[in-house]
Amino acid sequence: MRAGILASMTDGDPATPSALRRLRPRPPAPGPVVLRRDDLPAWVWTGLHLDGVLVPLWRDTSRVAGAPEDRTVRASAFTHLVPRRGAVGRLAAAWVHAGGPPPARVTVLVRSGARRPEPHADRTAAEADLVDDDLVQVGDVLVTSVARTAVDVARWEPAPVAVRVLRDLLPHGLDPRDALRRLETHAGGRGLRAARATLRQV
């Protein structure tokens, strides 16, 4: 019956539908998908995990249960630790791109000569010869590209770890032959021989 009344009110009156639409309650704005422990009182944080509303993501960050864990969500775990001049790199970048076991700490890379971020228990920092093509924007932070991430992981991580991580990157666009070619731009740098051997295994 209400539907019929509503139809009769709107028939022939083009002004009415917009007026009615203005009276309808607006849907609530979507909340954040990723939350930090500091965002909530301790008892709320614990309760939301016990109730299955939040699931752990990385260290003191969690995501809303049911929300897909994509690379934007994973990158959000690092937002508070990465300054604008920095980029997520190495194992942390591999986790952003491919998921899997999360890193113990986030590695923040800054361009050579730039000021490194202050020491933090959850962060390591290093200078790197970064160019614009080495970086991609993921959510609110910069992350090294898949190719650059592969080169860095192959250079700086032990071979058993690096091989596993690089194989995880294969479905996400890694071309090991391209990564081998990119190594040549780092002539004279550390870890090149080991990196070549690692990439050939992949």
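Observations on the model:
- Filtered by the rule that a residue be in a helix (DSSP H, G or I), in contact (Cβ under 8 Å) with a residue 24 or more places away in the chain and not basic (Lys, Arg), the range 135-160 gives VAL146, ALA147, THR149, ALA150, VAL151, ASP152, VAL153, ALA154, TRP156, ALA159.
- Yes/no for HIS97 being surrounded by 14 or more Cβ atoms within 10 Å (Cβ to Cβ) and farther than 29 Å from ASP60 by Cβ: no
- Every pair of residues 6+ apart whose Cβ atoms lie under 7 Å, when the first sits in the range 60-81 and is within 15 Å of ALA92 (Cβ to Cβ) while the second is polar (S, T, N, Q): ALA77/THR61
- Enumeration of residues in the range 56-82 that are in a strand (DSSP E or B) and loosely packed, with under 15 Cβ neighbours inside 10 Å: PRO56
- Residue in the range 124-131 that is touching a His at 6+ places or on another chain (Cβ under 7 Å) and surrounded by 14 or more Cβ atoms within 10 Å (Cβ to Cβ) present: no
- Residue under evaluation ARG84, criteria (1) touching a residue at least 12 places away in the same chain (Cβ under 8 Å); (2) under 14 Å from VAL136 (Cα atoms), criterion not met: (1)
- Verdict on LEU170 being more than 25 Å from VAL82 (Cα to Cα), part of a helix (DSSP H, G or I) and either without any contact (Cβ under 8 Å) to a residue 24 or more places away in the chain or outside the structural domain of ALA87 (by TED's automatic domain parsing) (or both): no
The values are calculated or read from the model by the stated rules, or taken from the named source; none is laboratory data. Quick caveat: nothing in here was measured; it's all calculated off a predicted structure. Counting neighbours? That spans all protein chains shown, and the Cβs are built from the backbone with ideal geometry, glycine included.
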